[in-house]
Amino acid sequence: MSDEIRNLTTASLKEGEVLPSLSHDVTTSTVVLGAMASRDWRPMHHDRSFAVDRNGTKDIFMNTPNQAAWFERYLTDWTGPKGRLGKIQFRMKDSVFPGDTMVFNGKVASVETDAVGCGWANLQLTLSVGGKPVTDCTARIALPVDADDNPWKRTGDDWKP
Amino acid sequence: MSDELPAEIQGWIGEERYVEKTEFPIEMGYVYTTCSSVEMGNPLYWDEKVAQQLTGGPIAPPSMISVWFRPHQWAPGRSKQIQPLQVHFDLKQALGLPEAVMTDNTITFGVPVRPGDSLETAQILRSVSPPKTTKLGTGRFWVIDVVYINQRGEHVGTESYTGFGYKREA
């Protein structure tokens, strides 16, 4: 593998470490592309009249699976390709609409090595719009404990997300 | 709205329903489209050498797990549209709650999903709340788990959705 690929290890992490922010301007295309990529054909994610008249929202809004993909992108931008998601939990308090600027922030809540030797970072993440959190997220992602480790090789009882 | 949950719905809680297989083998087209939709440049999904070295070949991003069980909008011979997460729509209908949104999503990931895999899912209703009023309207919250296994019987993941079905205020 190229030496240029970033691979974070748990040895280099500290509790409280702050992840770099990610900002993205949301357009109608962002929402529709995300819905279609996730095979979500429901009209509130592509039909403004339906979203406004039926759902009572101000516009179409980003769907749940695409928000999950945005969080995964945010995490693996930070970890590099050896970062392996174990668990992700998010609460959507409000919706993300075209015209919004999404800002992702995060910090390391804890770092641990489990009983089978897998390294983990537990993270607190937020998706905000206009400075207001719209989605709170916690994630547990496996990281190599050193440069030779690879969480993707773990199977069976060696994988405890 | 009565506080009491209809017996029919009470009976759904804990029951494995809608055991379904994915409608097509897992393929990379949706992987690339998904990565593109969120501008995810992770070389694991774009560089075959990296995929071979780290995961023994191409895989799909874990967060795509629900993508694979969403049915086609139309298919030949199908007389009515199939809904993903049918238990969610059954609850809306049975409780007379015409609108719904998802509020919480928890996903636990098992073995990676690979091109050519065929997945099987089952939906399990875990709970339904008493009536609640939010800014959207009055309705109920419910929690539905979706369990995924692959063609080798390996656990691929479990999703837990919290939905809120509601009637808008007049």
In the range A:83-94, how many residues are touching a residue at least 60 places away in the same chain (Cβ under 8 Å), more than 7 Å from chain B (Cβ to nearest Cβ) and of a type in the set (Lys, Arg)?
1
Note on the range A:23-53: residues facing chain B (nearest Cβ under 9 Å), surrounded by fewer than 18 Cβ atoms within 10 Å (Cβ to Cβ) and either touching a Lys or Arg at 6+ places or on another chain (Cβ under 9 Å) or of a type in the set (Gly, Ala, Ser) (or both) are A:Trp41
Hits in the range B:71-95 - residues which are in contact (Cβ under 8 Å) with a residue 60 or more places away in the chain and among the small types (Gly, Ala, Ser):
B:Ala94
Kindly indicate the residue of the range B:38-70 that is outside any helix (DSSP H, G or I) and without any contact (Cβ under 8 Å) to a residue 24 or more places away in the chain and also farthest from A:Phe104 (Cα to Cα) among those meeting that condition.
B:Gly56
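Yes/no matrix, rows are residues, columns are (1) closer than 25 Å to B:Gln86 by Cα; (2) modelled with pLDDT of 95 or more; (3) more than 7 Å from chain A (Cβ to nearest Cβ):
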| residue | (1), (2), (3) |
| --- | --- |
| B:Thr22 | yes, no, yes |
| B:Tyr30 | yes, yes, no |
| B:Cys35 | no, yes, yes |
| B:Leu44 | no, yes, no |
| B:Thr55 | no, yes, no |
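Condition check ((1) assigned to a strand (DSSP E or B); (2) not small (Gly, Ala, Ser)) across all residues:
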| position | (1), (2) |
| --- | --- |
| A:Phe104 | yes, yes |
| A:Ala109 | yes, no |
| A:Val116 | no, yes |
| A:Asn122 | yes, yes |
| A:Leu127 | yes, yes |
| A:Cys137 | yes, yes |
Six or more apart or on different chains, Cβ under 6 Å: which pairs go from a residue in the range A:66-82 that's among the charged types (D, E, K, R) and surrounded by 24 or more Cβ atoms within 10 Å (Cβ to Cβ) to one that's modelled with pLDDT under 95 and assigned to a helix (DSSP H, G or I)? Could you list them?
none
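Scanning for something of a type in the set (D, E, K, R), buried (at least 16 other Cβ atoms within 10 Å of the Cβ) and closer than 23 Å to B:Val147 by Cα, does the range B:1-17 turn up at least one residue?
No: zero hits.
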Strands (runs of 3 or more DSSP E) enclosed by the range B:71-160 - at least 1 residues per element that are within 13 Å of chain A (Cβ to nearest Cβ), in contact with a helix residue (DSSP H, G or I) (Cβ under 6 Å, 6 or more places away or on another chain) and surrounded by 14 or more Cβ atoms within 10 Å (Cβ to Cβ)
B:99-109, B:138-149
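The values are calculated or read from the model by the stated rules, or taken from the named source; none is laboratory data. Values in this document were obtained by computation on a predicted structure and should not be read as measured data. All Cβ positions, glycine included, derive from the backbone under ideal geometry; neighbour counts span all protein chains shown.
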